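These notes concern the structure reproduced below.
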Amino acid sequence: MASTLSRTLMFVGIFSVVLASSHLLTHDAKQAEVLRPKPSTLDISRHPGPLLSGVQDWFASFATLADMPKEERLRLLKEENEWKNRLVMWLFPNSIRERIPHFWQTWCRCYLLCAAVYFLVGAIWSYYIYFCFGDKLFTPETIPAFKDVAEQIRVSNIAIPLYSMLPTLTEYAAEKGWTRAYPRVENVGLPAYVLYFFLYMASVEFGVYWMHRGLHEIKWAYRLLHFDHHKYNKEHTLSPFAGLAFNPIDGILQAVPYTWTLFYCPMHFLTHEILLFATGVWTANIHDCLHGQVWPIMGAGYHTIHHTTYKHNYGHYFVFMDWLMGTMHTPEQYEAEKAATAKSRQVASMAAPVGGKKQL
């Protein structure tokens, strides 16, 4: 436990230092003119100052709107969210759509898109792996029964309306200016966008890992919330449709690191939403029991082990957090252990007495 705590504190410390350093690189207090054009390249002869100043100027050279007023950023965020609503709300007659408040239009859009991702991805994925190539990818006893898949769809249908509230509330917070989300890549420039993207994902990976691990190690949380998902605890009970089959509070808790990171790490808001909805595709992938062998991806081979041992592979997209915290168990290790167990049982059965005599 002490080792895990020290590693956690080490990660938090390194992340904090890098995040603070990124602000030094991407914010130049001398730039005060609103919407002042920046040069496309760094003129070194014009800035012979220290290294930090030069790096700041290089970052700023990509940020053509770096000094956009906050009010303008919030206006662009809301206009972008209204545009996303219109992409979906055209399904409703104008007379109905105009009466729905912006907040509930956002929830409706998130609900419809979440349901579409779940059913389309789940159906296509299942058709491909079970009907097209099932005889090559699975043995008959490892293909899930229809009743298990139907149960997963039922649980997911109950949860999706509540799942949709998280991105809705996140958009509301971003529109109010409570987060550090920004509407255009040009607000910070391409180098800073990439830097903040990696910081954002590091925070998400850390948050998802500990949220997931906590739902296992806190007994009442597992019993009341996470058990609903771990009813599917063998290869033949898992399917792509199990990806969203959670108690809705459990599912929201495991996604909320995507939201809380926006409050301290700058992030392009549309990228944030694409990443959040991409988890719908990702969860279908990691519940199909097929080991893709793509390091360092925390694929289905790792997640199947999580569903059978309950104490390994809590991570999100990548294996790094489990490796750092000592909870990683690879599919290769798992298969080797299964083979060793099977061999020991075979030896024991051969040595067992048959008819009162040992079998030679």
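The values are calculated or read from the model by the stated rules, or taken from the named source; none is laboratory data. The shown structure was predicted, so the numbers you read here are calculated from the model rather than taken from an experiment. Counting neighbours? That spans all protein chains shown, and the Cβs are built from the backbone with ideal geometry, glycine included. The protein model used for the area step is the full one, side chains on, heavy atoms only, and it has no ligands, DNA or RNA in it. Shrake-Rupley method; radii C 1.70, N 1.55, O 1.52, S 1.80 Å.
Highest first, please rank the peptides 190-198, 335-343, 280-288, 110-118 by the mean number of other Cβ atoms sitting within 10 Å of their residues.
280-288, 110-118, 190-198, 335-343
Modelled spin labels at residue 198 and residue 218, positioned 7 Å past Cα toward Cβ, are 3.2 nm from each other.
For residue 315, the amide hydrogen comes within under 5 Å of the amide hydrogens of 322, counting only partners 5 or more places away or on other chains and with H modelled in the peptide plane.
Amide H contacts under 5 Å for residue 268: 182, restricted to partners 5 or more places along the chain or on a different chain, H placed in the peptide plane at 1.01 Å from N.
If R0 is taken as 30 Å, the Cβ-Cβ distance between residue 92 and residue 271 corresponds to a FRET efficiency of 0.60.
Using a cutoff of 8 angstrom between alpha carbon atoms and counting only pairs six or more residues apart, the relative contact order for segment 198-250 works out to 29 percent.
Going down the table (234/311; 136/234; 219/338), which pairs top 22 Å between alpha carbons?
Details: 234/311 14 Å; 136/234 20 Å; 219/338 28 Å.
Violating the 22 Å limit, Cα to Cα: 219/338.
Taking the Cα centre of the chain as reference, the dipole from Cβ charges on Lys and Arg (+1) and Asp and Glu (-1) amounts to some 760 debye. Using the alpha-carbon centroid of each, what span in Å lies between segment 279-351 and segment 236-262? For segment 279-351 versus segment 236-262, the Cα centre distance is 19 Å. Taking 0.36 nm per residue of sequence separation and removing the Cα-Cα distance, the residue 127/residue 150 pair yields an extension gain of 6.8 nm.
Taking 0.36 nm per residue of sequence separation and removing the Cα-Cα distance, the residue 350/residue 6 pair yields an extension gain of 119.1 nm.
Only Lys, Arg, Asp and Glu carry charge here, each on its Cβ (+1 for the first two, -1 for the last two); on that basis segment 112-220 has a dipole of about 180 debye about its Cα centre.
In the chain, carbon and sulfur make up what percent of the accessible area (probe 1.4 Å)? Could the numbers behind the result be given before it?
Numbers: 13210 of 19220 Å².
Using a 1.4 Å probe with all protein chains present, the chain comes out at 69 percent carbon and sulfur.
Within the set (1) 21.4; (2) 23.4; (3) 25.7, the number that Kirkwood radius over Cα pairs in Å takes when calculated for this structure is listed as (2).
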